[in-house]
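The values are calculated or read from the model by the stated rules, or taken from the named source; none is laboratory data. Please read all numbers here as calculations on a predicted model, not as lab measurements. Note that we place each Cβ from the backbone using ideal geometry, even for glycine, and neighbour counts take in every protein chain shown. Accessible surface is based on the protein model in full, side chains and every heavy atom, while ligands, DNA and RNA are left aside. Shrake-Rupley method; radii C 1.70, N 1.55, O 1.52, S 1.80 Å.
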Amino acid sequence: GMSAISRKNNLGRNLLRMRKIFPKEFKFFPDTWILPTDMSDFKAQFNGKRNKTFIIKPDNGCQGRGIFLTRDFKEVPIDFSGGTLVAQRYMAKPFLLDGFKFDLRLYVLVTGCDPLRIFLHKEGLVRLATQPYVPPTQKNLEKQMMHLTNYAFNSKNPDFEENVNPEDASDGHKRSLTAVLDFLKDEGHDVKQLMEEIEDMIVKTLIAVQPSLSHVYHSCQPDDMSNSMAFEILGF
């Protein structure tokens, strides 16, 4: 049942459903459209005078394959025979690390779904893009190594640097979470609050699918009263 959040279209649908009922609690993700279902509403986003940037992703892709940025609705494919697409408002002013865009890969262990039991590993990865970030313009939308943080193709950049010291927060384009958190703390950021907000986001994401997870699990394992015959490791 974890495909309810591990596939991008299902994740988007479930989070949007929760946002409708709890708008304040589920405001942690950007505006999202599932295509072709939300195509008319998505098309309406392009009618404004200011150019907005959107990021388009295949629903079942990985390693950054098939992802692109656009400011032109005509660039969005209309053949959906290969599956649905997820469109999101692109966050044009991200927090940067050494001038590079970055993301976090955190590892979450789910050991039960009824009740829900979640553990977050204390270590994680910080993945950097390999070209210094510049806000999106029509001319730089295709610069994947600037806009996307996926290791699969950033590692192919001749400028990619391996990390040789996990405790050094400025070493390489893939760093350890603990080193970067220590760096942010030294820079005056409230790391404790940051991690609390991240944990809150993880819990809310799993809460969005807990009822369906519980239903699927009990239908497969009706005799398991201890809720402990299966586990899942998720990358957030």
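At a glance:
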read-out	value
First in the range 25-54 and under 13 Å from Val76 (Cα atoms), second anywhere and part of a loop (DSSP other than H, G, I, E, B) and open to solvent by less than 20 Å² (accessible area, probe 1.4 Å), Cβ under 6 Å, 6 or more apart	Thr53/Tyr90; Thr53/Pro136; Phe54/Tyr90
Lone qualifier among Ala179, Ala152, Ala92 - being within 22 Å of the chain's Cα centre (by Cα), assigned to a loop (DSSP other than H, G, I, E, B) and either hydroxyl-bearing (Ser, Thr, Tyr) or more than 30 Å from Asp224 (Cα to Cα) (or both)	Ala92
Residue pairs meeting the criteria (Cβ under 7 Å; at least 6 apart or on separate chains; first free of Cβ contacts under 8 Å to residues at least 40 places away in the same chain, in the range 190-203; second not in a loop (DSSP other than H, G, I, E, B))	Val191/Leu181; Val191/Leu184; Val191/Lys185
Unmet criterion (only one of (1) open to solvent by 50 Å² or more (accessible area, probe 1.4 Å); (2) in a strand (DSSP E or B); (3) not polar (S, T, N, Q)) for Arg65	(2)
Where Lys20 falls short, out of the listed (1) open to solvent by 70 Å² or more (accessible area, probe 1.4 Å); (2) modelled with pLDDT under 95	(2)
Of all residues in the range 102-144 being loosely packed, with under 14 Cβ neighbours inside 10 Å and aliphatic (A, V, I, L, M), the one that is farthest from Lys204 (Cα to Cα)	Val134
Exclusive hit being out of contact with any Pro (no Cβ under 6 Å at 6 or more places or on another chain), of a type outside the set (S, T, N, Q), exposed (fewer than 12 other Cβ atoms within 10 Å of the Cβ) and not in a loop (DSSP other than H, G, I, E, B), set Lys49, Lys74	Lys74
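Conditions (1) farther than 29 Å from Arg7 by Cα; (2) at pLDDT 95 or above, marked per residue:
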site	(1), (2)
Glu167	yes, no
Asp186	yes, yes
Glu197	no, yes
Leu206	no, yes
Gln210	no, yes
Leu213	no, no
His218	no, no
Gln221	no, no
Phe236	no, yes
